[in-house]
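*Asks:* Below: one structure in structure tokens.
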Amino acid sequence: MSGVSIELHREIEQFLVDEADLLDTHRQAEWLDLLHDDFSYRVPVPVAREEPTQDHYDAVLEFANESKSFLSMRFQRADSDFAWAERPAAFVRHFVSNLRIDELDPGRAWRVRTNVMVVRARLPESPVLASAERVDRIERHDGRLLLRERVVRLDTERPNDSQLSSIF
Amino acid sequence: MTLEQSVNIPRSYYRDQGALERELATIFGEGWIFIGHESEIPAAGDYVTRNMGANPVIMSRTEDGEIHVMLNSCTHRGTQVCKLAYGNTTAFRCGYHGWVFGADGDLKGVPGRRSLYGPEFDPSRLGLRQARVAVRCGLVFATWAQDGLSLEESLGDMLWYLQGLLELFSGGLEVHGGAHTVDVRGNWKIHVENFAGDGYHLKTAHKTMFDLGVVGTQAGTVEGFVVNDPHGHSLRAQYLADEGVPAVAPGYEDELLATIDADEQHRRFRERATVIHGMVYPNLLFITTAPLYFGTDADGAVAFTQLRQITPLDPHRHRVTYWTLVPKDASPDWKRRSYLYSTRQHGAASFFEADDLENFRRIDAGLGDSVAGVAPYNYELGLDVGERSTPPWTGPGRIVRQDLTEANQRNLVKRYLEQMEAGR
Ligand code: FES
Ligand SMILES: [Fe+2]
């Protein structure tokens with residue numbers, strides 16, 4: 001256990017399970033509702049290092065850096081018949097595990113790490129798997145949990161474009 | 001009267017391994033290939049690893065400041081001597097038998113050299129295979145051809161335009177952060193043709209971007225032109241037609257605009273430009289754009305400049321290396337925002353890019369075979385239509401006074417076929 005109560009652990013776990021369900025079932029508006037207005041989503045570029053203990057992620061380079069307003073545009077776009085890369089919609093499945101919680105601000109903010117595997121399938125490509133660690137900041141506002149920040153630490157130095165097109 | 005013929009490129013060039021082998025031997029084997037930007041390796045011992053056609057190469061800087069591009073393959077048994085994407089080192093040590101090569105590629109050490117090798121053994125013949133290197137506008141190019149055209153000759157009329165793109169500000173440009181790579185679906189030439197001057201796809205492929213209002217200035221009243229040169233290079237430039245818009249390169253800080261150091265024609269080439277993109281034959285792509293608007297972010301809209309290098313992996317897949325260039329003298333905050341917009345609009349995970357990548361993979365999926373998939377692609381756009389307005393600048397190359405035309409793609413295919421057929 002990570003020093004938080006079993007109740008809180010369960011609550012955060014359920015929050016993440018529900019959140020993944022919204023992404024997998026393309027209920028984007030409901031998903032956006034789980035985001036804090038200042039939400040930031042970043043996918044830093046992984047780099048191989050000689051020293052295994054050095055950080056594996058670039059401090060400047062990013063595959064993605066998105067805000068809540070930017071993500072809502074992305075979803076607004078997905079509603080259009082002309083969003084070639086979204087129609088037909090891909091099959092998406094999130095597997096979320098290895099939950100680790102560190103309390104940052106008692107009762108208000110937590111650093112939440114999970115391991116995720118995301119499967120995405122959409123012809124003409126074969127299904128692709130992407131594995132990553134997510135480092136989230138989850139906060140409680142007016143009793144509700146909200147996602148404040150998500151950093152996706154991909155497990156490959158050179159992803160393909162299909163792996164990059166999912167939201168982790 | 002038809003002034004220009006269309007071109008015919010067999011579809012097999014987009015799916016055959018044999019065609020790819022010939023491309024690697026001639027186009028990638030003999031031409032000048034873009035490797036990186038000199039700002040990526042500012043100090044002695046700095047290096048990056050890249051692809052040059054099918055060859056893994058190291059681009060390094062030696063003590064005396066020289067840039068080397070050499071095959072990343074030990075001269076003993078061929079093991080890659082460098083495994084990292086970038087770094088700084090005094091030597092590359094092969095992990096198999098321990099031969100050591102300097103940053104200049106020379107063989108510096110051989111374990112057991114005195115006792116295990118005879119008097120005829122000559123390490124000076126066993127340095128890493130060196131490519132010929134030349135640098136223009138900060139861009140490092142290399143070729144395996146030890147003689148033949150100089151880089152300058154090979155860039156031809158495109159050099160003038162590269163100067164306009166990369167040497168507008170007196171301090172020049174530098175790479176922000178470094179490079180990263182993504183592997184994508186589709187023959188490498190599809191991506192190159194798209195950048196060469198495909199203004200035609202914007203309103204369909206990127207329709208949602210216009211609908212969302214995020215293409216900013218490009219949605220206004222604009223006039224575009226394309227330029228090409230017999231070496232196969234291409235460029236497309238689009239300008240705000242509104243005379244009321246200030247005559248500056250849009251999207252830069254005033255302090256930076258004050259450092260512009262260019263002649264009148266180069267300035268006019270950049271003033272009021274909404275987007276300039278193109279390619280240096282065969283596989284360097286570039287794009288610079290005026291501000292775009294993404295959502296309600298208060299982060300402001302700034303210009304960005306991106307480079308890409310396209311490397312074939314097999315007939316159906318290619319590797320894209322991305323760089324974002326920023327003016328050296330821009331403020332740190334401007335650089336950060338420019339990188340952010342480059343990622344959001346033209347990064348591999350961006351939705352603008354998603355539309356293009358989706359089309360590339362659908363072209364690949366629709367290739368067909370040697371029985372049914374034989375109808376060549378069509379390149380007639382803009383033929384016999386007549387030219388339109390006059391560009392704001394005068395410069396070298398064949399300037400076509402039309403935006404929606406496949407003149408650049410025709411020129412590119414012509415050059416490509418010349419090279420491919422010459423080798424037969
Ligand atoms: S293969 Fe490099 S030392 Fe033998
Ligand atoms: Fe495009």
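*Asks:* To test your reading of the geometry: what angle, between 0 and 90 degrees and rounded to tens, separates the Cα axis of helix B:407-422 from the longest principal axis of chain B?
*Replies:* The angle comes out near 30 degrees.
*Asks:* Mind checking which lysines have their Cα closer than 30 Å to the Cα of B:LYS108? Skip sequence neighbours fewer than 8 apart in that chain.
*Replies:* Candidates past the 8-residue exclusion: B:LYS83.
*Asks:* Filter the GluC sites (Glu not before Pro) in the range B:1-56 to those in DSSP coil with at most 16 other Cβ atoms within 10 Å of their Cβ, and list the result. Intermediate values should be presented prior to the final figure.
*Replies:* Values: sites: B:GLU4, B:GLU21, B:GLU23, B:GLU30, B:GLU38, B:GLU40; in loops: B:GLU4.
Within the range B:1-56, the qualifying GluC sites (Glu not before Pro) (loop, at most 16 other Cβ atoms within 10 Å) are B:GLU4.
*Asks:* By residue number, which cysteines of chain B lack any other Cys whose Cβ falls under 4.7 Å from their Cβ?
*Replies:* B:CYS82, B:CYS137
*Asks:* What does the helix-only formula give at 222 nm for chain A: each DSSP H stretch with n ≥ 4 adding -39500 (n - 2.57), the total divided by the residues, and the result rounded to the nearest 500 deg cm²/dmol? Walk me through the numbers before you get to the answer.
*Replies:* Numbers: 4 runs with 39 residues, N = 168.
That comes out to -7000 deg cm²/dmol.
*Asks:* Using a 10 Å cut-off around each Cβ of peptide B:181-189, what is the average number of partner chain Cβ atoms that fall inside? Please report the intermediate quantities before stating the final value.
*Replies:* Values: counts 4, 8, 6, 4, 5, 1, 0, 0, 0.
If you average over the peptide's residues, the count of other-chain Cβ atoms is 3.
*Asks:* Using a probe radius of 1.4 Å on protein heavy atoms only, what is the accessible area buried between chains B and A, both sides summed, to the nearest 100 Å²?
*Replies:* Working: alone 18600 and 9940 Å², together 25130 Å².
Using a 1.4 Å probe, the pair buries roughly 3400 Å².
*Asks:* What is the mean number of Cβ atoms from other protein chains located within 10 Å of the Cβ atom of each residue in peptide B:316-323, rounded to a whole number? Don't skip to the answer; put the middle values down first.
*Replies:* On the way: counts 0, 1, 0, 2, 1, 0, 3, 1.
Per residue, the number of nearby Cβ atoms from other chains is 1 on average.
*Asks:* Moving on. Over all directions, the average projected area of the alpha-carbon convex hull for the range A:6-165 comes to how many nm²? Display every interim value, and only then the final one.
*Replies:* On the way: hull surface 41.4 nm².
That works out to 10.4 nm², a quarter of the Cα hull's surface.
*Asks:* Taking the 0 to 90 degree range and rounding to the nearest ten, how far is the long axis of helix B:332-346 tilted relative to the main principal axis of chain B, both from C-alpha atoms?
*Replies:* 80
*Asks:* Just need the Rg to Rh number for the range B:33-148, please, alpha carbons only, Kirkwood Rh.
*Replies:* On the way: Rg = 14.3 Å, Rh = 14.5 Å.
Radius of gyration relative to Kirkwood radius: 0.98.
*Asks:* Accessible area of the range A:23-116 with a 1.4 Å probe: how many percent of it is carbon plus sulfur? Present the calculation step by step, with values, prior to reporting the outcome.
*Replies:* Details: 2300 of 4750 Å².
That share works out to 48 percent.
*Asks:* Ignoring ligands, DNA and RNA, what percent of the accessible area of the range B:91-136 is carbon or sulfur (1.4 Å)?
*Replies:* C and S fraction of accessible area: 48 percent.
*Asks:* If eta is 1.306 mPa s and T is 10 °C, what Stokes-Einstein diffusion coefficient results for the range B:165-226, Kirkwood Rh from Cα pairs, in µm²/s? Don't skip to the end; give the middle numbers.
*Replies:* Working: Rh = 15.2 Å.
Once the numbers are plugged in, D ends up at 105 µm²/s.
*Asks:* Short version: which residues of the range B:347-368 lose at least 50 Å² of accessible area, all chains versus chain alone, 1.4 Å probe?
*Replies:* Buried on complex formation: B:ALA349, B:PHE351, B:GLU358, B:ARG361, B:ARG362.
*Asks:* R0 = 35 Å: FRET efficiency of A:GLU13 with A:ARG158, Cβ-based, nearest 0.05? Walk me through the numbers on the way to the answer.
*Replies:* On the way: r = 32 Å, r/R0 = 0.91.
Calculated transfer efficiency: 0.65.
*Asks:* Now, a different point. Using only Cα atoms, figure out Rg for the range B:219-375 and give it as a multiple of 2.2 N^0.38 Å.
*Replies:* The reported ratio for this selection is 1.20.
*Asks:* Could you provide, to the nearest whole Å², the per residue accessible area of the range B:93-223 with probe 1.4 Å?
*Replies:* Numbers: 5620 Å² over 131 residues.
Computed with neighbouring chains in place, this is 43 Å² per residue.
*Asks:* For the pair B:GLU21/B:HIS97, report the inter-label distance in nm, with labels modelled 7 Å from Cα in the Cβ direction.
*Replies:* 2.9
*Asks:* Could you pull out every residue, at least 5 positions away or on a different chain, whose amide H is within less than 5 Å of the one on A:GLU62? Hs are placed 1.01 Å off N in the peptide plane, and Pro or chain starts have none.
*Replies:* A:VAL45
*Asks:* Now a separate question. Between B:LEU84 and B:ARG113, what length comes free when the chain is fully extended (0.36 nm per residue of separation minus the Cα-Cα distance, one decimal in nm)? Present the calculation step by step, with values, prior to reporting the outcome.
*Replies:* Numbers: separation 29, 0.36 × 29 = 10.44 nm, distance 2.75 nm.
Length gained, B:LEU84 through B:ARG113: 7.7 nm.
*Asks:* Just flag the GluC sites (Glu not before Pro) in the range B:242-278 sitting in loop per DSSP whose Cβ has no more than 11 other Cβ atoms within 10 Å. Kindly include the intermediate steps, with their values, before the conclusion.
*Replies:* On the way: sites: B:GLU243, B:GLU253, B:GLU255, B:GLU264, B:GLU271; in loops: B:GLU243, B:GLU253, B:GLU271.
Loop-located and lightly packed - B:GLU243.
*Asks:* Can you pull the semi-axes for the protein assembly as shown, root of five times each eigenvalue of the Cα gyration tensor, sorted largest first, whole Å? Each step should come with its number before you reach the end.
*Replies:* Numbers: eigenvalues 292, 227, 121 Å².
Here the semi-axes work out to 38, 34, 25 Å.
*Asks:* Report P(r) for chain B: all Cα-Cα distances, bin width 10 Å, range 0 to the bin holding the largest distance, values in whole percent.
*Replies:* Taking all Cα pairs of chain B, the binned fractions are 4, 21, 30, 25, 13, 5, 1, 0 percent.
*Asks:* For the residue pair B:VAL245 and B:THR259, what label-to-label distance in nm results when each label sits 7 Å from Cα along the Cα-to-beta-carbon direction?
*Replies:* 2.4
*Asks:* Here's something else I'd like to know. With label points built 7 Å along Cα→Cβ from the Cα atoms of A:GLU103 and A:PHE75, find their separation and express it in nm.
*Replies:* Result: 3.1 nm between the two label points.
*Asks:* Can you tell me the orientation of helix B:188-197 relative to chain B, as the angle in degrees between its alpha-carbon axis and the longest Cα principal axis, to the nearest 10?
*Replies:* 40
*Asks:* For the range B:8-37, list residues with backbone N below 19 Å from a point placed 7 Å from the Cα of B:ASP369 toward its Cβ?
*Replies:* Answer for the range B:8-37: B:11-19.
The values are calculated or read from the model by the stated rules, or taken from the named source; none is laboratory data. On a predicted model such as this, the values are computed, not experimentally measured, just so you know. Note that we place each Cβ from the backbone using ideal geometry, even for glycine, and neighbour counts take in every protein chain shown. Each accessible area value is taken on the protein alone, full model and side chains, heavy atoms only, with ligands, DNA and RNA left out. Shrake-Rupley method; radii C 1.70, N 1.55, O 1.52, S 1.80 Å.
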